[in-house]
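For reference, the structure discussed in these notes is given below.
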């Protein structure tokens with residue numbers, strides 16, 4: 001008499017077996033397999049569904065609703081014809097970047113990079129300490145983007161310190177005419193202000209991430225940092 | 001043909017959302033959020049992460065709604081999205097060892113980040129028994145890999161078909177089945193001290 005394996009008996013108990021009828025007949029005659037089969041059934045009973053905490057629909061809807069953009073038929077259909085345009089625009093951008101980089105290496109020590117639609121920025125390092133500030137900003141935003149619960153006290157303290165310093169860098173950027181950098185740092189300041197003033201709630205960082213587009217801001221900060229690194233390299 | 005698969009109210013709601021009425025999405029949320037959050041809870045093991053994953057899934061579904069072809073049910077689609085979202089969240093949490101979200105346990109404890117699910121019908125005796133059983137179950141489940149745990153809980157506790165589990169885990173149906181079988185086998189062995197040895 002061929003005995004069935006544990007795996008075959010598990011499949012039988014989960015009703016996933018293709019030979020259910022044969023196994024059923026076998027279990028009537030084989031006490032050894034019947035014992036294992038019963039042990040599997042007992043395991044499934046023990047690990048049956050526990051109650052789960054019911055979510056608050058109203059609260060969840062309110063949170064979700066704030067993040068829903070209005071969908072329109074125009075926006076739905078627009079991408080089909082927009083792809084060739086996007087392709088052309090990308091090609092043009094690559095060409096511009098290529099020639100821009102070469103022109104830059106040829107004679108102009110300054111270089112420009114667009115930051116999320118804020119236009120070209122001046123990358124003269126007005127203040128060498130800004131590299132550290134941007135570095136800290138990047139680390140904090142990464143932390144915000146990767147956590148959903150409340151931030152720990154050390155991170156909130158860091159946010160407070162950065163907030164105080166950030167105002168100085170915004171001022172410096174404006175003074176030097178670097179409006180794009182100023183805009184990015186101002187956005188960062190708004191995130192810091194929210195972090196500094198809001199009580200630590202379980203969904204604080206999650207909401208912050210969505211409402212203040214911290215992912216986009218992180219990208220801006222990284223571009224700023226890269227620009228700063230490049231300009232440091234050029235000046236050395 | 002496609003509309004036969006979808007509930008009429010849901011089809012109408014999707015049409016309204018696509019026409020610019022975002023409040024119509026509430027119909028879909030009212031119908032499916034609890035089930036979606038429950039599945040997320042089975043995967044993540046705690047309420048905060050479950051609700052975050054459920055919300056993220058609904059947000060993703062909303063943004064992808066223009067591409068939803070309605071040849072499958074919205075419930076199937078959103079379940080697939082939430083499984084992915086919840087699994088990703090668990091993996092992210094595993095990488096971030098400093099994160100401790102509240103978990104469900106037999107007692108609420110701030111130190112252990114645990115909360116207790118209210119059971120209004122339980123008496124003192126059953127609470128004691130439940131505590132032991134719950135503790136044992138939790139320890140056994142913790143021994144499973146994320147894939148085994150996900151596949152097992154969805155198949156056994158939520159009755160999700162193997163094909164859907166496989167699609168969400170991005171593995172073949174056979175691999176998903178093997179994960180469930182391995183999970184049951186491990187859990188059965190974990191009962192050895194309780195049952196007095198495997199038979």
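The values are calculated or read from the model by the stated rules, or taken from the named source; none is laboratory data. If you're wondering where the values come from, they're calculated on a predicted model, not measured in any experiment. When we count neighbours, we look across all protein chains shown, and the Cβ atoms used for this are built from the backbone with ideal geometry, even at glycine.
Which residues, taken from the stretch B:23-38, are under 28 Å from residue B:95 (Cα atoms), more than 7 Å from chain A (Cβ to nearest Cβ) and surrounded by 18 or more Cβ atoms within 10 Å (Cβ to Cβ)?
Step one: of the stretch B:23-38, the residues under 28 Å from residue B:95 (Cα atoms) are B:33-38.
Next, only the ones that are more than 7 Å from chain A (Cβ to nearest Cβ) stay: B:35-36.
Across the stretch B:23-38, the qualifying residue is only B:36.
Taking the stretch A:48-70 on its own, how many of its residues are in contact (Cβ under 8 Å) with a residue 12 or more places away in the chain and not in a loop (DSSP other than H, G, I, E, B)? Even if it seems obvious, please write down each step before you answer.
Taking the stretch A:48-70 as the starting set, the residues that turn out to be in contact (Cβ under 8 Å) with a residue 12 or more places away in the chain are A:63, A:66-67.
Imposing the further condition that a residue be not in a loop (DSSP other than H, G, I, E, B) reduces the set to A:63.
Looking only at that region, the number is 1.
I want to confirm something. Restricting to the stretch A:15-47 and keeping residues that are assigned to a loop (DSSP other than H, G, I, E, B) and facing chain B (nearest Cβ under 7 Å), which single residue is nearest to the chain's Cα centre (by Cα)? Let's see the steps before the verdict.
Step one: of the stretch A:15-47, the residues assigned to a loop (DSSP other than H, G, I, E, B) are A:15-19, A:30, A:47.
Restricting the remaining residues to those that are facing chain B (nearest Cβ under 7 Å) gives A:16, A:47.
Numbers: A:16: 38, A:47: 34 Å.
Result: A:47.
Is it fair to say residue B:52 is away from chain A (no Cβ under 11 Å), under 29 Å from residue A:155 (Cα atoms) and within 17 Å of the chain's Cα centre (by Cα)?
On the way: away from chain A (no Cβ under 11 Å): no; under 29 Å from residue A:155 (Cα atoms): yes; within 17 Å of the chain's Cα centre (by Cα): yes.
No; evaluated as a whole, the condition is false for this residue.
Please go through the stretch A:17-38 and pick out each residue that is closer than 30 Å to residue B:134 by Cβ and touching a helix residue (DSSP H, G or I) at 6+ places or on another chain (Cβ under 6 Å). Before you say what the answer is, go through the steps one by one.
Of the residues in the stretch A:17-38, the ones closer than 30 Å to residue B:134 by Cβ are A:34-38.
Within the stretch A:17-38, A:34, A:36, A:37 qualify.
Restricting attention to the stretch B:172-189, which residues are surrounded by fewer than 20 Cβ atoms within 10 Å (Cβ to Cβ) and touching a residue at least 24 places away in the same chain (Cβ under 8 Å)?
Step one: filter the stretch B:172-189 for residues surrounded by fewer than 20 Cβ atoms within 10 Å (Cβ to Cβ), giving B:172-175, B:178, B:182, B:185-186, B:189.
Hits for the stretch B:172-189 are B:182, B:186.
Among the residues that make up the stretch B:111-129, is at least one of them at pLDDT 80 or above, in a helix (DSSP H, G or I) and more than 10 Å from chain A (Cβ to nearest Cβ)? Explain how you work it out, then say what you get.
So in the stretch B:111-129, the residues at pLDDT 80 or above come out as none.
No, that holds for no residue.
Which numbered condition trips up residue B:20, out of (1) at the interface with chain A (Cβ under 10 Å from one of its Cβ atoms); (2) in a helix (DSSP H, G or I)?
Unmet for residue B:20, out of (1) at the interface with chain A (Cβ under 10 Å from one of its Cβ atoms); (2) in a helix (DSSP H, G or I): (2).
Given the stretch B:140-193, what helices (runs of 4 or more DSSP H) lie entirely inside it while holding 2 or more residues that are over 24 Å from residue B:75 (Cβ atoms)? I'd like the intermediate steps shown before the answer.
Values: elements: B:146-152, B:162-169, B:173-190.
Counting at least 2 such residues, we get B:173-190.
Using the structure shown, decide if residue B:41 is closer than 18 Å to residue B:169 by Cβ, under 13 Å from the mean Cα position of the chain (by Cα), part of a helix (DSSP H, G or I) and at the interface with chain A (Cβ under 7 Å from one of its Cβ atoms). It would help to see each step written out before you state the result.
Values: closer than 18 Å to residue B:169 by Cβ: yes; under 13 Å from the mean Cα position of the chain (by Cα): yes; part of a helix (DSSP H, G or I): yes; at the interface with chain A (Cβ under 7 Å from one of its Cβ atoms): yes.
Here the answer is yes, as residue B:41 does meet what is asked.
I'm told residue A:76 meets every condition in (1) modelled with pLDDT under 90; (2) more than 14 Å from chain B (Cβ to nearest Cβ); (3) surrounded by 11 or more Cβ atoms within 10 Å (Cβ to Cβ) except one. Can you identify the failing condition by its number?
(2)
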